[in-house]
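Asker: Dropping the structure in here first, questions after.
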Amino acid sequence: MESIRQRILSIRAELPPEVTLIAVSKTKPEAMLEEAYHDADQRHFGENRVPELVRKAEGLAGDFVWHAIGHLQRNKVKLLMPHVAWIHAIDSERLLDEVQRRAAEAMVENLRQEPVQALLQVHIAEEEAKFGLSHDECERWLDSGALEALDGMVVRGLMGMATFTDNERQIGQEFRGLRALYDRLAPGRPQFDTLSMGMSGDWRIALEEGTTMIRVGSSIFGARTPHNTEPS
Ligand SMILES: *Cc1c(COP(=O)(O)O)cnc(C)c1O
C-alpha cells in the first residue's frame with residue numbers, strides 16, 4: 001500500500017504552484033497527521049468538527065494551518081478562534097457576525113495574531129441538503145459592501161461542493177458555474193483570490209475548472225467510517 005507521503009506527493013505533482021492542497025484529516029488519528037506533516041511537509045489540514053480540530057491543534061506541535069471546512073454552528077465559533085486559520089463555510093450573515101465578533105475579541109486577547117481567512121460557501125449541487133448561499137445571494141452580499149473592512153476577518157473567496165454523482169459533465173458544469181461567479185466577483189477586490197473546490201472524487205475536474213484550493217481526505221488517509229462524516 002502507498003504511504004501517506006506517496007499519496008500526498010503524487011497529488012501535489014499534478015498541481016500548479018498556485019493551487020493549495022488541504023489534507024482533510026477528519027476522523028483520522030493524530031499519528032497520521034504527524035506522518036503527513038513530517039514525511040510530506042504537509043501544512044494545511046482540514047477538519048469539519050470543532051472539538052476534533054481543537055483537540056488536534058492543541059495536541060500537535062508545529063506550524064499546522066487549520067482549516068474548518070464543514071458547516072459551522074455559531075455556538076462553536078469561539079472555541080475555534082485560538083486555532084483556526086481558515087473557515088470555508090460562511091453561509092449566513094449571523095455566522096459571519098459571530099466569526100467577526102469572536103475573531104476580533106480573540107485578537108484583542110492575544111489568542112490569535114492573524115485575522116480569520118474566510119470563504120463564502122455557495123450552493124452549487126442539485127441536492128437540497130447541502131448548505132450554502134445562492135449565486136444571487138452571494139453576489140448581492142458582496143456588492144452591498146458589507147464584506148469589506150471586517151473586524152478580525154477577511155473574505156478571501158468562495159467554496160463549493162459539487163453534487164455527489166459519477167456524472168463528470170455535471171460536476172464540471174457546477175464547478176464552472178462557481179468559477180464564473182468567482183471571476184465576476186474578484187475584479188477590484190485584491191484579497192478575493194481563493195476558490196476552494198474539489199475533493200477526493202472530483203479534484204481533477206476542479207483543477208480543470210480553475211480551483212485554487214482542493215480539500216482531499218480519503219485519497220490521502222483512506223476511507224472513513226460513515227458515522228463521522230456529518231458536519232460539526
Ligand atoms: C470530508 C470533506 C472533504 C474531503 O472529502 P474526501 O472525499 O474524503 O476527499 C472535503 N470537503 C468537505 C467540506 C468535507 O467535509
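The values are calculated or read from the model by the stated rules, or taken from the named source; none is laboratory data. As the structure is a prediction and not an experimental result, all values here were calculated from the model. Don't worry about glycine lacking a Cβ; one is built from the backbone with ideal geometry, like all the others, and counts go over all protein chains shown. Only protein heavy atoms, including side chains, enter the accessible area calculation; ligands, DNA and RNA are left aside. Shrake-Rupley method; radii C 1.70, N 1.55, O 1.52, S 1.80 Å.
Asker: Can you tell me which residue among 194, 225 is within 15 Å of the chain's Cα centre (by Cα) and either open to solvent by 20 Å² or more (accessible area, probe 1.4 Å) or away from the ligand (no atom under 12 Å from the Cβ) (or both)?
Answerer: 194
Asker: Conditions: (1) surrounded by fewer than 22 Cβ atoms within 10 Å (Cβ to Cβ); (2) more than 17 Å from the chain's Cα centre (by Cα). Residue 171 meets all but one. Number of the miss?
Answerer: (1)
Asker: Sticking with this structure for a sec: Report yes if residue 153 is under 23 Å from residue 75 (Cβ atoms) and either touching a His at 6+ places or on another chain (Cβ under 7 Å) or of a type in the set (A, V, I, L, M, F, W, C) (or both), otherwise no.
Answerer: Details: under 23 Å from residue 75 (Cβ atoms): yes; either touching a His at 6+ places or on another chain (Cβ under 7 Å) or of a type in the set (A, V, I, L, M, F, W, C) (or both): yes.
When the stated conditions are applied, residue 153 passes them.
Asker: Are there any pairs with C-beta distances below 9 angstrom linking a residue in region 47-68 that is modelled with pLDDT of 95 or more to a residue that is among the basic types (Lys, Arg) and open to solvent by less than 20 Å² (accessible area, probe 1.4 Å), with the two at least 6 apart or on different chains, and if so which?
Answerer: What qualifies is 47/56; 64/56; 66/56; 67/215.
Asker: So residue 160 ticks every box in (1) part of a helix (DSSP H, G or I); (2) within 16 Å of the ligand (Cβ to nearest atom); (3) of a type outside the set (S, T, N, Q); (4) surrounded by 20 or more Cβ atoms within 10 Å (Cβ to Cβ) but one. Which box is left unticked?
Answerer: Of everything listed in (1) part of a helix (DSSP H, G or I); (2) within 16 Å of the ligand (Cβ to nearest atom); (3) of a type outside the set (S, T, N, Q); (4) surrounded by 20 or more Cβ atoms within 10 Å (Cβ to Cβ), residue 160 misses just condition (1).
Asker: Here are some residues: 136, 166. Which one is open to solvent by 60 Å² or more (accessible area, probe 1.4 Å), acidic (Asp, Glu) and more than 15 Å from the ligand (Cβ to nearest atom)?
Answerer: 136
Asker: Quick check, is residue 153 more than 10 Å from the ligand (Cβ to nearest atom), modelled with pLDDT of 95 or more and crowded, with 20+ Cβ neighbours inside 10 Å?
Answerer: Numbers: more than 10 Å from the ligand (Cβ to nearest atom): yes; modelled with pLDDT of 95 or more: yes; crowded, with 20+ Cβ neighbours inside 10 Å: yes.
Judged against the criteria, residue 153 is a match.
Asker: Turning to a different aspect of this structure: So which of 171, 220, 214 ends up being within 14 Å of the ligand (Cβ to nearest atom), in a helix (DSSP H, G or I), closer than 20 Å to residue 66 by Cβ and modelled with pLDDT of 95 or more?
Answerer: 220
Asker: Moving on to the next point. I want to confirm something. Restricting to region 1-53 and keeping residues that are touching a Phe, Trp or Tyr at 6+ places or on another chain (Cβ under 9 Å) and part of a helix (DSSP H, G or I), which single residue is surrounded by the most Cβ atoms within 10 Å (Cβ to Cβ)?
Answerer: 53
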